[in-house]
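Here's the structure we're looking at; comments come further down.
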Amino acid sequence: MTVLRFDNVSKQYPGGHVALSDVQFAVEPGEMLFITGHSGAGKSTLLKLIHLAERPTRGAVLFGERNLLKVRGRRIAMHRREVGVVYQDHRLLTDRSVFDNIALPLILRGMKRGEIGKRVRSVLERLGLGERERALPTQLSAGEQQRVGIARALVGEPRLLVADEPTGNLDPTLSAEIMALFASLPERGTSVMIASHDLALVKRMRKRVLVLDHGTLVDDISPEDLADE
Ligand code: ADP
Ligand code: ADP
């Protein structure tokens, strides 16, 4: 079943600015794709519609069978459990340990402590953060901080992970490392969507690329097309 579908989606912000117009695409299970385009092209807006930080003006966003237009009230939080979000500035709580930052989404949904411990340690191991669970975010390197942000987004086992400029604050070597980490996720059935203005980095990943230009989807490049370049 398709994980996500945008059906002729437009978004106009109050004040009149059109951030997306008539955007159409679908994401399949286990697919990894990039959203690229200039600053202001609409990348963040597109991702915000998926985790309901914004609503479309026209068109429909479908998450599996769920029409997000109909997701209101308490259901918003339930929907967000199935979409992991990674931010450029990772938004970690600076006064909480690595463990506590990652555990937070599970605590909020009322999971038992034993189960939380298991899940958090499993994701820490997977992301190479096993030794760092007691550290505070400020004691970590930039790359480690971003890995904690990814761990927090993954710990709830979302069907889809969305990341907005996740390497925006990292040097090229660390950026490549974090991208390789994202690329390993689809093997576990999680689809991944990454917004990045860094076209060179995106092309090197040889994944599907959606290109936005002033809110219009102008290209949908397949990995095969990139292999020819
Ligand atoms: P990108 O992530 O590609 O840089 P954005 O989705 O952040 O693009 O923004 C797309 C356009 O919408 C930009 O022109 C931006 O200024 C505008 N925009 C974004 N958020 C808002 C908002 N809350 N209110 C008004 N305009 C906005
Ligand atoms: P992001 O990295 O998420 O795109 P931005 O720095 O573009 O964040 O924007 C920060 C906040 O300001 C966001 O909530 C965005 O919706 C809002 N915003 C961006 N552009 C505009 C704008 N032109 N007018 C009003 N709000 C905006």
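The values are calculated or read from the model by the stated rules, or taken from the named source; none is laboratory data. For clarity, every value in this text was computed on a predicted model and none was experimentally measured. Backbone-built Cβ (ideal geometry, glycine too); neighbour counts: all protein chains shown. Keep in mind that these areas ignore ligands, DNA and RNA; they rest on the heavy atoms of the full protein, side chains included. Shrake-Rupley method; radii C 1.70, N 1.55, O 1.52, S 1.80 Å.
Mind putting a number on the dipole of the chain about its Cα centre? Charges go on the C-beta only, +1 for Lys and Arg and -1 for Asp and Glu, and I need it in Debye to the nearest 20. Could the numbers behind the result be given before it?
Values: 33 positive and 29 negative charges, 286 e Å.
Magnitude of the dipole: close to 1380 debye.
Let me check against my output: what whole-number percent is the relative contact order of the chain, with C-alpha pairs under 8 Å and at least 6 apart?
Details: 428 pairs, mean separation 67.0, N = 229.
So the answer I get is 29 percent.
May I ask you to derive the FRET efficiency for residue 87 and residue 224 from their Cβ-Cβ distance with R0 = 30 Å, giving the value to the nearest 0.05?
Values: r = 31 Å, r/R0 = 1.04.
Plugging the Cβ-Cβ distance into 1/(1 + (r/R0)^6) gives 0.45.
For the chain, what does the accessible surface come to per residue with a 1.4 Å probe? Please give it in Å². Each step should come with its number before you reach the end.
Working: 11330 Å² over 229 residues.
On a per-residue basis, 49 Å².
Give, in whole angstrom and from largest to smallest, the semi-axes √(5λ) of the equivalent ellipsoid of the range 90-157, with λ running over the eigenvalues of the Cα gyration tensor.
On the way: eigenvalues 64, 29, 21 Å².
Over the Cα atoms of the range 90-157, the semi-axes work out to 18, 12, 10 Å.
Can you give the FRET efficiency for residue 122 and residue 198, using 1/(1 + (r/R0)^6), R0 = 30 Å, r = Cβ-Cβ distance, to the nearest 0.05?
Working: r = 31 Å, r/R0 = 1.02.
The formula returns an efficiency of 0.45 here.
How far, in degrees from 0 to 90, does helix 98-108 lean away from the longest principal axis of the Cα atoms of the chain, to the nearest 10?
That helix lies at roughly 70 degrees to the long axis.
Determine the shape class of the range 96-229: with a ≥ b ≥ c the square roots of the Cα gyration tensor eigenvalues, call it rounded for a/c under 1.5, and otherwise prolate if a/b is greater than b/c, oblate otherwise. Mind showing how you got there, number by number?
Values: a/c = 2.33, a/b = 1.84, b/c = 1.27.
Prolate.
Once you charge only the Cβ atoms, +1 for Lys and Arg and -1 for Asp and Glu, what is the size of the charge dipole of the range 1-106 about its Cα centre, to the nearest 20 debye? Don't skip to the end; give the middle numbers.
Working: 15 positive and 10 negative charges, 96 e Å.
I would put it at about 460 debye.
For the chain, give the percent of accessible area contributed by carbon and sulfur heavy atoms, probe 1.4 Å, rounded to a whole number.
Working: 5430 of 11330 Å².
Ligands and nucleic acids excluded, carbon and sulfur reach 48 percent.
Putting +1 on Lys and Arg Cβ atoms and -1 on Asp and Glu Cβ atoms, find which of 71, 186, 90 reaches farthest to the positive end of the dipole of the chain.
Positive-end residue among those listed: 71.
Before rounding to the nearest 500, sum -39500 (n - 2.57) across all DSSP H runs of length at least 4 in the chain and divide by the residue total; then give [θ] at 222 nm in deg cm²/dmol.
On the way: 8 runs with 77 residues, N = 229.
Counting only the DSSP helices, I get -9500 deg cm²/dmol.
Need one number: the % of Cα-Cα pairs in the range 61-112 sitting beyond the 15 Å mark. Numbers along the way, then the final one.
Details: 788 of 1326 pairs.
Looking at the range 61-112, the distances longer than 15 Å represent 59 percent of pairs.
Write down the Å³ per residue value for the convex hull defined by the alpha carbon atoms of the chain. Provide the component values of the computation, followed by the final result.
On the way: hull volume 30.1 nm³, N = 229.
Taking the convex hull of the Cα positions in the chain, it is 131 Å³ per residue.
Work out how much length residue 214 to residue 188 would gain on full extension: take 0.36 nm times their residue separation and subtract the Cα-Cα distance, in nm to one decimal. Mind dumping the intermediate values first?
On the way: separation 26, 0.36 × 26 = 9.36 nm, distance 3.38 nm.
Using 0.36 nm per residue and subtracting the Cα-Cα distance, I get 6.0 nm.
Which whole-number percent is the relative contact order of the range 69-135 (Cα, under 8 Å, 6+ apart)? Show your work: numbers first, answer last.
Working: 22 pairs, mean separation 21.5, N = 67.
Relative contact order for the range 69-135 comes out at 32 percent.
Along the three principal axes, how long is the range 1-51 when you take its alpha carbons, biggest first, rounded to the nearest angstrom?
Result, largest extent first: 37, 21, 18 Å.
Just 188, 81, 132 to compare: in a GNM of the chain, with alpha carbon springs under 10 Å, which one fluctuates most?
188
If I build a Gaussian network model for the chain, linking alpha-carbon pairs within less than 10 angstrom, which residue out of 190, 173, 57 has the largest mean-square fluctuation?
173
Compute the long axis of helix 113-126 from its Cα atoms, compare it with the longest principal axis of the Cα atoms of the chain, and write down the angle in degrees, 0 to 90, nearest 10.
The angle comes out at about 70 degrees.
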